[in-house]
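Asks: First the structure, which I've put down as structure tokens, then a few questions once you've had a look.
The values are calculated or read from the model by the stated rules, or taken from the named source; none is laboratory data. Being a predicted model, the structure only gives us computed values, none of them experimental. Virtual Cβ from ideal backbone geometry, glycine too; neighbours counted across all protein chains shown.
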Amino acid sequence: MIYCCSVTSLNFLELLSIKGTVVTQSKWKLVILEIQTPIPELDATDLPSDWKNRPHPRSTQEFGTAWAKGMISPVLKIPSCRIPLKGYPNEHNLLINPLHTDFKNSVKLVEEWDVSFEVNS
């Protein structure tokens, strides 16, 4: 499973909120992908009731696993629990299934950026 975000800032919010300040001690790559297929959108009413809990609940893992194993689509748009649900679907996360038969035709690497949290002096 590849876990992505629709906007750069959400990527870093997700990373920081999951990993904490330890992320500032490493260098990262931001990978820009182009999705070349229609992206199904998870209806917010289909979310498990505990989807916003921290640490992440097993229900969300089970949902993602079922989606991936079911080979339903190569990509799925889902809400981020780090921002208000009102922001969805404009800002969102993406689940990408690299084992899906349409993955190679649906997801293209466009660019990579070096990223660091270091303060330049």
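Asks: Of all the residues that make up the range 73-121, how many are among the hydrophobic types (A, V, I, L, M, F, W, C) and in a loop (DSSP other than H, G, I, E, B)?
Replies: Residues in the range 73-121 being among the hydrophobic types (A, V, I, L, M, F, W, C) and in a loop (DSSP other than H, G, I, E, B): 5 in total.
Asks: Could you grab the pairs with beta carbons closer than 6 Å, sequence gap of 6+ or different chains, first residue in the range 9-20 and among the hydrophobic types (A, V, I, L, M, F, W, C), second one modelled with pLDDT under 85?
Replies: Leu15/Val23; Leu16/Val23
Asks: Restricting attention to the range 43-61, and to residues there that are surrounded by 15 or more Cβ atoms within 10 Å (Cβ to Cβ) and touching a helix residue (DSSP H, G or I) at 6+ places or on another chain (Cβ under 9 Å), which single residue is nearest to Cys81 (Cα to Cα)?
Replies: Only one residue tops the list, namely Lys52.
Asks: To continue, here is another question. Take the residues in the range 1-25 that are surrounded by 12 or more Cβ atoms within 10 Å (Cβ to Cβ) and among the polar types (S, T, N, Q), then tell me which one is modelled with the highest pLDDT.
Replies: This residue is Ser6.
Asks: Additional query: Pick from Thr65, Thr24: which is touching an Asp or Glu at 6+ places or on another chain (Cβ under 8 Å), among the hydroxyl-bearing types (Ser, Thr, Tyr) and not in a loop (DSSP other than H, G, I, E, B)?
Replies: Selected residue: Thr24, the only one of Thr65, Thr24 that is touching an Asp or Glu at 6+ places or on another chain (Cβ under 8 Å), among the hydroxyl-bearing types (Ser, Thr, Tyr) and not in a loop (DSSP other than H, G, I, E, B).
Asks: Taking the condition outside any helix (DSSP H, G or I), within 22 Å of Lys108 (Cβ to Cβ) and not small (Gly, Ala, Ser), does Lys52 pass?
Replies: no
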